[in-house]
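Undergrad: To start, I am sharing the structure in question, which I have written as structure tokens.
The values are calculated or read from the model by the stated rules, or taken from the named source; none is laboratory data. All values reported here derive from a predicted model rather than from experimental measurement. Here Cβ is always computed from backbone atoms with ideal geometry, including for glycine, and neighbour counts include all displayed protein chains.
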Amino acid sequence: MFRIFHYLDEVYREQSFSRAAQKLYLSQPSLSLTIKRYENEIGVQIFDRSTTPVKLTEAGEVVMEYIQRILATQRDMEAYLEDYRELRTGDLTLSAAHMFSSYLLPRLTARFLHLCPEIDVKITESDFLSLQQMTLNGDVDLLIESHDFEPSLFQIYPLFEEHILLAVPANDPANAENAACMLRTEDVLQDRHVDCAWPCVALERFREHPFLMLEKGHDMHSRGLRFCRESGFEPKVFMYLNQLTTACNLAAQRLGVTFVSDTAVKLTNLGGELVYYKLPGPNVKRWINMVHKRNRYVSKAAAAFIAMATEFSHQGISSLCWENDIMAPVCGSVPLKE
């Protein structure tokens, strides 16, 4: 029974019988015949074969939803049995959007594999909405992102608090009149912007500047709009982008100003092409969270990664940026924090 479910799921994912057959190491006619027999058995046509790519029928969409639930339950069962047999090997799928998958996950993964070298770690990169759904579907074990997550759907582990800054080209004339509150990269690295005594900029002074904004759906998009509107203006958006690092690099090329997190400044080493300004209000603070689907079985590998990441979270993001010494306790010696 599970075999046919895997066949159906692979065709659904690939949207092609031929590509699915290649992935399953089957001949295309054999796969097509097997699925056709199952459709006849249940009295429902699951796939519309008249389209390219292959699509689900209306009834097929409902059937596939149940199949994916069954397969997710099977994966949870297999993970439990693997731990029950007390194997030291295991699989762990981590995920994050571009900036964190490029700069944060590699650092965390390197430290984790030093503790648990037998674990097979995979990293999945995509946009936030896709990764969130993959986490709910059980395709991803742990997701790291600076978004607010629905507590009824996700178990949330806050890792690092970050602050939102305004990034401005270093040679922008407006920096002269705002020099008293201007921050350079080294100031951010030393957390001077966190000091309550450091002055905030009046954002309305940049109301005539072109803004480089992240696209709708990003937390930075909604926060950026809120900052501008609370300062009494609508931003003149020059370009909408999907990646924070792209917005920063475009700002460094003097194409506008953008909102950036201090985490991005610390992790990506943006250099001296940009300067930064502290912003007022409580909304400048947000958390980088690690989550998994609520009530799913958490494997020993995932639990060990959670313990390791939360341990580093107490030391702050800078412990991952500049610390070169890696501690070497055994895998089971890192306690999982509640």
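Undergrad: Can you say whether Ala167 is surrounded by 13 or more Cβ atoms within 10 Å (Cβ to Cβ) and in the same structural domain as Tyr277 (by TED's automatic domain parsing), as far as the supplied structure shows? Break it down stepwise before answering.
TA: On the way: surrounded by 13 or more Cβ atoms within 10 Å (Cβ to Cβ): yes; in the same structural domain as Tyr277 (by TED's automatic domain parsing): yes.
Against the criterion (surrounded by 13 or more Cβ atoms within 10 Å (Cβ to Cβ) and in the same structural domain as Tyr277 (by TED's automatic domain parsing)), Ala167 qualifies.
Undergrad: Can I ask one more? Looking at Ser32, Ser18, Ser50, can you tell me which residue is outside the structural domain of Asp139 (by TED's automatic domain parsing), of a type in the set (Gly, Ala, Ser) and assigned to a loop (DSSP other than H, G, I, E, B)?
TA: Working: Ser32 fails: assigned to a loop (DSSP other than H, G, I, E, B); Ser18 fails: assigned to a loop (DSSP other than H, G, I, E, B).
Residue meeting the stated conditions: Ser50.
Undergrad: A follow-up question, please. What's the number of the only condition in (1) of a type in the set (S, T, N, Q); (2) under 18 Å from Asn137 (Cβ atoms); (3) touching a helix residue (DSSP H, G or I) at 6+ places or on another chain (Cβ under 7 Å); (4) outside the structural domain of Ile123 (by TED's automatic domain parsing) that Gln45 fails to meet?
TA: Gln45 satisfies every listed condition except (2).
Undergrad: Mind checking whether some residue in segment 45-61 is of a type in the set (S, T, N, Q) and surrounded by 16 or more Cβ atoms within 10 Å (Cβ to Cβ)?
TA: Pass one, segment 45-61, residues of a type in the set (S, T, N, Q): 45, 50-52, 57.
Right, trim to surrounded by 16 or more Cβ atoms within 10 Å (Cβ to Cβ) and you get 45, 57.
Scanning segment 45-61 turns up at least one residue that is of a type in the set (S, T, N, Q) and surrounded by 16 or more Cβ atoms within 10 Å (Cβ to Cβ).
Undergrad: Follow-up. So if I check each of His193, His209, His218, which one is under 27 Å from Leu94 (Cα atoms) and not hydrophobic (A, V, I, L, M, F, W, C)? Steps first, please.
TA: Details: His193 fails: under 27 Å from Leu94 (Cα atoms); His209 fails: under 27 Å from Leu94 (Cα atoms).
After ruling out the rest, the residue left standing is His218.
Undergrad: Which residue, of Arg207, Arg226, is within 23 Å of Cys181 (Cα to Cα), within 30 Å of the chain's Cα centre (by Cα) and among the charged types (D, E, K, R)? Break it down into steps so the answer makes sense when it comes.
TA: On the way: Arg207 fails: within 30 Å of the chain's Cα centre (by Cα).
Within the list Arg207, Arg226, the selection yields Arg226.
Undergrad: Could you pull out every one of the strands (runs of 3 or more DSSP E) wholly within segment 90-147 that has 3 or more residues that are crowded, with 19+ Cβ neighbours inside 10 Å and more than 14 Å from the chain's Cα centre (by Cα)?
TA: Numbers: elements: 90-96, 119-125, 142-145.
Strands (runs of 3 or more DSSP E) meeting the threshold: none at all.
Undergrad: Next up: If you take the residues in segment 17-41 that are small (Gly, Ala, Ser) and crowded, with 17+ Cβ neighbours inside 10 Å, which one is farthest from Thr51 (Cα to Cα)?
TA: The extreme case among them is Ala21.
Undergrad: Residues of segment 175-192 being in contact with a Lys or Arg (Cβ under 9 Å, 6 or more places away or on another chain), surrounded by 18 or more Cβ atoms within 10 Å (Cβ to Cβ) and at pLDDT 95 or above, which ones?
TA: Across segment 175-192, the qualifying residues are Asn178, Leu183.
Undergrad: Looking at the structure I just gave you, is Gln74 among the polar types (S, T, N, Q), in contact with a strand residue (DSSP E or B) (Cβ under 7 Å, 6 or more places away or on another chain) and under 19 Å from Lys300 (Cβ atoms)?
TA: Values: among the polar types (S, T, N, Q): yes; in contact with a strand residue (DSSP E or B) (Cβ under 7 Å, 6 or more places away or on another chain): no; under 19 Å from Lys300 (Cβ atoms): yes.
It is false that Gln74 is among the polar types (S, T, N, Q), in contact with a strand residue (DSSP E or B) (Cβ under 7 Å, 6 or more places away or on another chain) and under 19 Å from Lys300 (Cβ atoms).
Okay, residues lined up against (1) farther than 21 Å from Gln74 by Cα; (2) among the β-branched types (Val, Ile, Thr); (3) outside the structural domain of Val298 (by TED's automatic domain parsing):
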site	(1), (2), (3)
Arg107	yes, no, no
Val121	no, yes, no
Gln132	no, no, no
Thr135	no, yes, no
Gly138	no, no, no
Ile144	yes, yes, no
Asp148	yes, no, no
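Undergrad: Residue by residue through segment 31-62, note down the ones that are under 32 Å from the mean Cα position of the chain (by Cα), under 19 Å from Met1 (Cα atoms) and without any contact (Cβ under 8 Å) to a residue 12 or more places away in the chain.
TA: Result: Glu61, Val62.
Undergrad: Among the candidates Val291, Val265, single out the residue that is closer than 17 Å to His193 by Cβ and hydrophobic (A, V, I, L, M, F, W, C).
TA: On the way: Val291 fails: closer than 17 Å to His193 by Cβ.
Criteria check complete, one pass: Val265.
Undergrad: Residue check, Lys216 against (1) within 27 Å of the chain's Cα centre (by Cα); (2) surrounded by fewer than 17 Cβ atoms within 10 Å (Cβ to Cβ); (3) at pLDDT 95 or above, all met but one. Which one?
TA: That leaves (3) as the condition not met.
Undergrad: Considering only segment 279-319, state which residues are within 17 Å of the chain's Cα centre (by Cα) and part of a helix (DSSP H, G or I).
TA: Across segment 279-319, the qualifying residues are Ala302, Phe305, Ile306, Ala309, Thr310, Ser313.
Undergrad: Just one of Tyr240, Tyr276 is aromatic (Phe, Trp, Tyr), within 25 Å of Leu105 (Cβ to Cβ) and not assigned by TED's automatic domain parsing to the domain that holds His98; which is it?
TA: Numbers: Tyr240 fails: within 25 Å of Leu105 (Cβ to Cβ).
Tyr276 is the lone residue from the list that is aromatic (Phe, Trp, Tyr), within 25 Å of Leu105 (Cβ to Cβ) and not assigned by TED's automatic domain parsing to the domain that holds His98.
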